[in-house]
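The values are calculated or read from the model by the stated rules, or taken from the named source; none is laboratory data. Not measured: the values here are computed from a predicted model. Virtual Cβ from ideal backbone geometry, glycine too; neighbours counted across all protein chains shown. Accessible surface areas use protein heavy atoms only, side chains included; no ligands, DNA or RNA. Shrake-Rupley method; radii C 1.70, N 1.55, O 1.52, S 1.80 Å.
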Amino acid sequence: MDLPEFAIEARGLTKTYAATKTTPEMRALKGIDLAIPRGSIFGLLGPNGAGKSTFINILAGLCQKTSGEVSIWDRNIDQRPRDARAAIGVVPQEISADPFFTPKESMEVAAGMYAVPRAERRTDELLAALGLADKAYAYVRQLSGGMKRRLMVAKAMVHNPPVLILDEPTAGVDVELRKQLWNYVLELNRKGVTIVLTTHYLEEAQELCDQIAIINRGEVVVCEPTTTLLRRMDTRMVLVTPEEPLTIAPTLAGFETKLLKAGGFSVTYRTGQSSVEQVLAAVRAAGLHIKDISTEEPDLEDVFVSLTSAAA
Ligand code: ADP
């Protein structure tokens, strides 16, 4: 069988939540077009209320779309809802662990729900991969928050889906566990699993995702390879340490400057308009002697702020 080019495709996807007595009608998705390439680690970013969870819930079959077309692994969610759902594992945002089951039992129940034959179950392998082997028979209430979250990832993978969706997977997870979780996610990706994640940690998205879509107010603002997205930002910064520490930022013709700790300063310039060369010339022209310089690349945070604040 041919593998699909896109793990997930949405065309003109809309979702309007009907008005209630206390809330007005809400157009949460206003015609989303997204094509998530098979094999990618795809980041879905956006401020609170952008529509990310709504999108994920539609994929997971937990929320009815209003209009548009969605396919998961080339399976249209209207025409082949069961097949489409079998192709994704979803790790929800909230931790929901059954307090009466051990992780092992929890996994078996999840496998049962997906009708995975006993011979094909990989409960122990999954628990081990997520660092939960020694907790297989513990009660869930004895697990830490991080362990519960890893158990949820394991549960989402019981039916071996080609696409794994993680909704804010590392919120509230400490740095060490986050690393562990990412290592497992990266390993799954190396084995061919397409990963879709929403995260508030822009740094994380920047580091992990090869493609990023930014959603704002129910619309896709941008969808690009991470490197292209970062290149969009044409501001650069030069950090200058002068021979003599300064107490106020110097005035440089044509450049914005800011005083830094320890008597240094930063100079901001636009790549289209000037160069490091010109910045240094301006610093020297101001009578300053340079002890050291470094440059700073823009990060996703800058891109994100500039793309989502424009419409605010
Ligand atoms: P995000 O996950 O990006 O924070 P959501 O998809 O949760 O965004 O929400 C998008 C918009 O839809 C928000 O304005 C939210 O208040 C609204 N919304 C989400 N779920 C519901 C619901 N069940 N009923 C009514 N409005 C909702």
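Things to note:
- If you go through region 6-39 and pick out every residue that is free of Cβ contacts under 8 Å to residues at least 12 places away in the same chain and assigned to a loop (DSSP other than H, G, I, E, B), you end up with 8.
- One residue from Leu62, Leu3 being open to solvent by 80 Å² or more (accessible area, probe 1.4 Å), in the same structural domain as Gln206 (by TED's automatic domain parsing), touching a Lys or Arg at 6+ places or on another chain (Cβ under 8 Å) and not in a strand (DSSP E or B): Leu3
- Where Gly68 falls short, out of the listed (1) assigned to a strand (DSSP E or B); (2) within 11 Å of the ligand (Cβ to nearest atom); (3) more than 19 Å from the chain's Cα centre (by Cα): (2)
- When region 6-26 is filtered for residues that are farther than 14 Å from Ile58 by Cβ and either open to solvent by 80 Å² or more (accessible area, probe 1.4 Å) or not aliphatic (A, V, I, L, M) (or both), the ones remaining, listed by number, are Phe6, Thr20, Lys21, Thr22, Thr23, Pro24, Glu25, Met26.
- Among the candidates Arg270, Arg217, Arg231, residue that is closer than 23 Å to Gly39 by Cβ and not aliphatic (A, V, I, L, M): Arg231
- Complete set of residues in region 179-192 that are over 12 Å from Met157 (Cβ atoms) and open to solvent by less than 50 Å² (accessible area, probe 1.4 Å): Leu181, Trp182, Asn189, Gly192
- Qualifying positions in region 28-54 - near the ligand (Cβ under 7 Å from one of its atoms) and either open to solvent by less than 20 Å² (accessible area, probe 1.4 Å) or modelled with pLDDT of 90 or more (or both): Ala28, Gly46, Ala50, Gly51, Lys52, Ser53, Thr54
- Looking across region 91-130 at every residue that is closer than 25 Å to Glu176 by Cα, among the small types (Gly, Ala, Ser) and out of contact with any helix residue (DSSP H, G or I) (no Cβ under 6 Å at 6 or more places or on another chain), the one that is surrounded by the most Cβ atoms within 10 Å (Cβ to Cβ) is identified as Ser106.
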